[in-house]
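> Here it is, the structure in full.
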Amino acid sequence: MKEMDIGQVARWSGLPASTLRYYEEKGLIRSIGRNGLKRVFNASVVERLSLIALGRTAGFSLDAIAEMLNAGAEPSIDRDRLRDQADQLDRTIRRLSAIRDGLRHAAECGAPNHLQCPSFQRLMKIAARSVAKAHQAPPGRS
């Protein structure tokens, strides 16, 4: 069993030691002891940090990632949760693509004023609806 101190893990992962300590506090990773004042981790922490990075990239919160990784040795990744997150990403991509396309059109629009451009007006309505939905979202969701 190979061991790595917190400095080695930090260098490998590119994460500051403070983030590694925070992840340990949240139950995402676990040290196996100390070498002097430094925390020591099993080399398997590298895989867990990769899973955490993937989860963060996919838009999962640290709490959701902690649930999926649980305290056990093997992660328990909920496939339905992955599908739901993928669906959410699809909705976000469609929304952002529409906004991108509207901005590109507005930049090239021949209307004398952006407020006279129908595409720009649609873009403003999308933005207004988005803000209104964010204010109506339940606490903790925006």
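> What list do you get for Phe41, Phe120 if you sort them by fewest beta carbons within 10 Å? Let's see the in-between values first.
On the way: Phe41 24, Phe120 19.
Ordered from fewest to most neighbouring Cβ atoms within 10 Å, Phe41, Phe120 come out as Phe120, Phe41.
> Moving on to the next point. In square nanometres, what is one fourth of the surface area of the convex hull spanned by the alpha carbons of region 52-91? Can you show the working numbers first?
Details: hull surface 10.8 nm².
For region 52-91, averaging the hull's shadow over all directions gives 2.7 nm².
> May I ask for the percentage of alpha-carbon pairs in the chain that lie more than 17 Å from each other? List each step's numbers first, then the result.
Working: 7040 of 10011 pairs.
The answer is 70 percent, as a whole percent.
> Could you tell me which helices of the chain pass both thresholds, a Cα extent of 20 Å or more along their own axis and a mean Kyte-Doolittle hydropathy of at least -1.0, with helices taken as whole DSSP H runs? If you can, show how the numbers build up before the last one.
Details: long enough: 79-108 (43 Å, -1.26); 118-136 (27 Å, -0.31).
Span-like helices here: 118-136.
> Most exposed first by the Cβ proxy, i.e. fewest other Cβ within 10 Å, how do Ser31, Ser97 rank? If you can, show how the numbers build up before the last one.
Numbers: Ser31 18, Ser97 10.
In increasing order of surrounding Cβ atoms, one gets Ser97, Ser31.
> Further question on the same structure: Over the chain, what is the relative contact order in percent, taking alpha-carbon pairs closer than 8 angstrom and at least six residues apart?
Values: 102 pairs, mean separation 20.8, N = 142.
Once normalised by length, the contact order is 15 percent.
> Another question, if that's okay. Which is farthest toward the positive dipole end of the chain among Ile29, Ser44, Gly59, measuring Cα position about the Cα centre, with Cβ charges +1 (Lys, Arg) and -1 (Asp, Glu)?
Farthest along the dipole direction, towards plus: Gly59.
> So what's region 8-50 giving for Rg/Rh, alpha carbon basis, Kirkwood Rh from the mean inverse pair distance?
Numbers: Rg = 9.4 Å, Rh = 10.4 Å.
A ratio of 0.91.
> In a solvent-free Debye calculation with one equal scatterer on each Cα, what is log10 I(q)/I(0) for region 79-136 at q = 0.13, 0.15, 0.19 Å⁻¹, listed in the order of the q values?
-0.45, -0.55, -0.74
> Can I ask one more? Under a Cβ-only charge scheme (Lys and Arg +1, Asp and Glu -1), can you give me the dipole magnitude of region 22-142 about the Cα centre, in debye to the nearest 20?
On the way: 20 positive and 13 negative charges, 68 e Å.
Charge dipole, region 22-142, about its Cα centre: 320 debye, nearest 20.
Coordinate-derived values only; no laboratory data. Since we're looking at a predicted model, the values are computed, not measured. Note: ideal-geometry Cβ built from the backbone for every residue, glycine included; neighbour counts use all protein chains shown.
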